[in-house]
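Step one of this worksheet: look at the structure below.
The values are calculated or read from the model by the stated rules, or taken from the named source; none is laboratory data. Keep in mind it's a predicted model, so treat the numbers as computed, not measured. Cβ placement follows ideal geometry from the backbone for every residue including glycine, while neighbour counts extend to all protein chains displayed. The area values use the complete protein model at the heavy-atom level, side chains included, leaving out ligands, DNA and RNA. Shrake-Rupley method; radii C 1.70, N 1.55, O 1.52, S 1.80 Å.
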Amino acid sequence: MSTSYRDFIRFVAALPLAKKISIAAVILMVIAGFGVMFYLANQDNYQVLYSGLASDDAGAIVARLREQNIPYKITSGGSGIMVPEQSVYETRLALAADGLPGGGTVGFELFDNPDFRTTNFVQQLNYRRALQGELARTIMNFDEVKKAAVFLAIPKESLFVEDEKQPSASIQLDLNQSLSRIKVESIVRLVANGVEGLDSSRVSVVDTRGRVIFKGNAGEAGEMAGMGGTLLEYKKNIEKEITDNVQSMLEQVVGPGNAIVRVSAEIDTSEMVVSEEEYDPTVVVVRSNKLMEETINEGNNDDAMAGAGDEPVANQRAGILPAGVGNAGKSKVSKNATTNYEINKINRRVVRPAGTIQRLSVAAVIDGEYRTVTRSDGTTSREYVPRSAEALKTFEALVRNAMGFNEDREDQVSVQSVPFKTDAAIEDMTMVNMEQPVISRFLEQYGKMIFNLILIVCAFFLVVRPLIKSVKDIGNQAGDGKNALPPGDESVKQISESEETRNPRQRVAELSAREPERAAAVVRSWISNEA
């Protein structure tokens, strides 16, 4: 055992009891604090595996996690499950292979184990349940949908067409956030195309707050192609498409983020039906042609009839006339021709649906150019230079072509050059955009290791180093002659002046070897004084 360690033990033993307790408490608190920090720093980071689960799905997933010995935490009152970050995606894939979560609904897995004793009615009922469950699961794949329920009303088939009824569907959605019109139509068409004979006009969509999102009786007849069901949505789609076309073209020239485009479209919301009849007198078409021919006999008809009377009755009945009767008089032929003509006529019915663009207004703002300027003190800076009038005219011509400019509609185009941001802001944004992803990846990969190293360094400088220094100070104090032996009581013989001139260590060693009883008395006096 080294001398410093023995001196430290003696120093601690000589301390009062209150100081010993306080030092021990401080040391324990420091050790406990660093232990807790190390524990928390090395804990697994839990991430959400699933949230908003039904009770059946949550129970099945927890049972599967227990079978695979995967640690987990239950949150949100049992509807959320968290697992360690490194096993989130692997666990999701494994559960998906087992058909979990099922959304609290059953699908076509009802028919995985067929029972041939099942009646036809039960089979039809199970098919409807499975179809409803599969549609609900598919709808819940939308990020905005928390939970979905599909109810199908499929009538029985009838032998008579007039008695046949159409199927219908109702959808209830529990939404995390509002759905856009396009996604609502996607859900309606998904259900309509997934059920045989179901038309989208017989599908209704509501949410859990009682709001009607889609009215099935509105039908598709009144909807306009590409208009998203409403004129407002149609207007937004047109403005967005033109904005994207113009802005993407300008950014290819002036650089990303250096062009801003806004479009305003005026839409004609009235629907117009025009019927026209056009005649062309230059084109004549023969419609019908009628020709009549009439022969009239002129002469003595009485003589002819008399000659005919001398013939036998049998010949008269047979229609045989005597000779000379047919040429008894002269005959006259009359012809009449009638031709009907038709003038060329064109019937035209033009239907102009609502949504015609009346006018477009496009405003484009383009950042200028920057040049480096050297100041008198030697520093440099970037100075904004607006774009020339010729350049703005060129950009305006490009915008006109990209938007489909039409003078008859009195379209308007405005292109201006203004400064977007200062030089310092540009450099700061560039540095942030370049460094942020690198820093994030570095911290994500080595953050825990760096934190552990910081804790070790803090523990060394705040605990270990002060203790080592204290031990050294105690050793130095033990070797100091002035405080080596405190004055004893009157019964102890004092050291002579000649002994004080020598080395304190030598004097103590000689005194202990020569007079052990006196040394023991000195130690006892120390103990009594300290106590």
| Filtered residues of the range 107-129 (kept if open to solvent by 90 Å² or more (accessible area, probe 1.4 Å) and hydroxyl-bearing (Ser, Thr, Tyr)) | TYR127
| request: Could you run through the range 75-124 and say how many residues are modelled with pLDDT of 85 or more and closer than 14 Å to ALA54 by Cβ? | output: 1
| field | Hits in the range 179-190 - residues which are buried (at least 17 other Cβ atoms within 10 Å of the Cβ) and among the β-branched types (Val, Ile, Thr) | value | VAL184, ILE187, VAL188
| Lone qualifier among LEU250, LEU198 - being within 28 Å of MET403 (Cα to Cα), more than 27 Å from the chain's Cα centre (by Cα) and modelled with pLDDT of 85 or more | LEU250
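Every residue, every condition in (1) modelled with pLDDT under 80; (2) open to solvent by 60 Å² or more (accessible area, probe 1.4 Å); (3) outside any strand (DSSP E or B); (4) among the hydroxyl-bearing types (Ser, Thr, Tyr), yes or no:
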position: ARG348; (1), (2), (3), (4): no, yes, no, no
position: ALA354; (1), (2), (3), (4): yes, no, yes, no
position: ILE357; (1), (2), (3), (4): no, no, no, no
position: ALA363; (1), (2), (3), (4): no, no, no, no
position: ARG371; (1), (2), (3), (4): no, yes, no, no
position: SER376; (1), (2), (3), (4): yes, yes, yes, yes
position: GLU383; (1), (2), (3), (4): no, yes, no, no
position: ARG387; (1), (2), (3), (4): no, no, yes, no
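Quick one: which of GLN86, GLN132 is surrounded by fewer than 13 Cβ atoms within 10 Å (Cβ to Cβ) and assigned to a helix (DSSP H, G or I)?
Answer to the selection: GLN86.
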| Is the range 202-212 home to any residue that is assigned to a strand (DSSP E or B), over 27 Å from LYS235 (Cα atoms) and either aromatic (Phe, Trp, Tyr) or touching a helix residue (DSSP H, G or I) at 6+ places or on another chain (Cβ under 7 Å) (or both)? | no
| message | Pull out all pairs, ordered by first then second residue, where Cβ-Cβ is under 6 Å, the residues are six or more apart or on different chains, the first lies in the range 364-382 and is closer than 30 Å to SER248 by Cα, and the second is among the hydrophobic types (A, V, I, L, M, F, W, C) and part of a strand (DSSP E or B). | response | ALA364/VAL261; ALA364/VAL415; VAL365/ILE260; ILE366/ALA259; GLY368/VAL385; GLU369/VAL385; ARG371/VAL385; SER381/VAL373
| So LEU28, is it surrounded by 15 or more Cβ atoms within 10 Å (Cβ to Cβ), in a helix (DSSP H, G or I) and at pLDDT 80 or above | no
| query | Can you name the residue in the range 31-81 that is touching a strand residue (DSSP E or B) at 6+ places or on another chain (Cβ under 6 Å) and of a type in the set (D, E, K, R) and is also least open to solvent (accessible area, probe 1.4 Å) among such residues? | reply | ASP44
| message | I'd like the full set of residues that are modelled with pLDDT of 85 or more, open to solvent by 30 Å² or more (accessible area, probe 1.4 Å) and not in a loop (DSSP other than H, G, I, E, B), limited to the range 150-178. | response | PHE151, ALA153, SER168, SER170, GLN172, ASP174, LEU175
| task | Kindly indicate whether any position in the range 267-275 is in a strand (DSSP E or B), under 29 Å from VAL399 (Cβ atoms), open to solvent by less than 100 Å² (accessible area, probe 1.4 Å) and not aliphatic (A, V, I, L, M). | result | yes
| said: Looking only at residues that are at pLDDT 80 or above and of a type in the set (D, E, K, R) in the range 263-292, which one is nearest to the chain's Cα centre (by Cα)? | reply: GLU266
| field | Scope the range 135-148; condition of a type in the set (Lys, Arg) and open to solvent by less than 80 Å² (accessible area, probe 1.4 Å); matching residues | value | ARG137
| query | Across the range 47-82, what is the number of residues that are part of a helix (DSSP H, G or I), among the hydrophobic types (A, V, I, L, M, F, W, C) and in contact (Cβ under 8 Å) with a residue 12 or more places away in the chain? | reply | 5
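Condition check: under 13 Å from ILE139 (Cβ atoms), of a type outside the set (Lys, Arg) and over 16 Å from the mean Cα position of the chain (by Cα). Does ILE154 satisfy that?
Details: under 13 Å from ILE139 (Cβ atoms): no; of a type outside the set (Lys, Arg): yes; over 16 Å from the mean Cα position of the chain (by Cα): yes.
Spelling it out, it is not the case that ILE154 is under 13 Å from ILE139 (Cβ atoms), of a type outside the set (Lys, Arg) and over 16 Å from the mean Cα position of the chain (by Cα).
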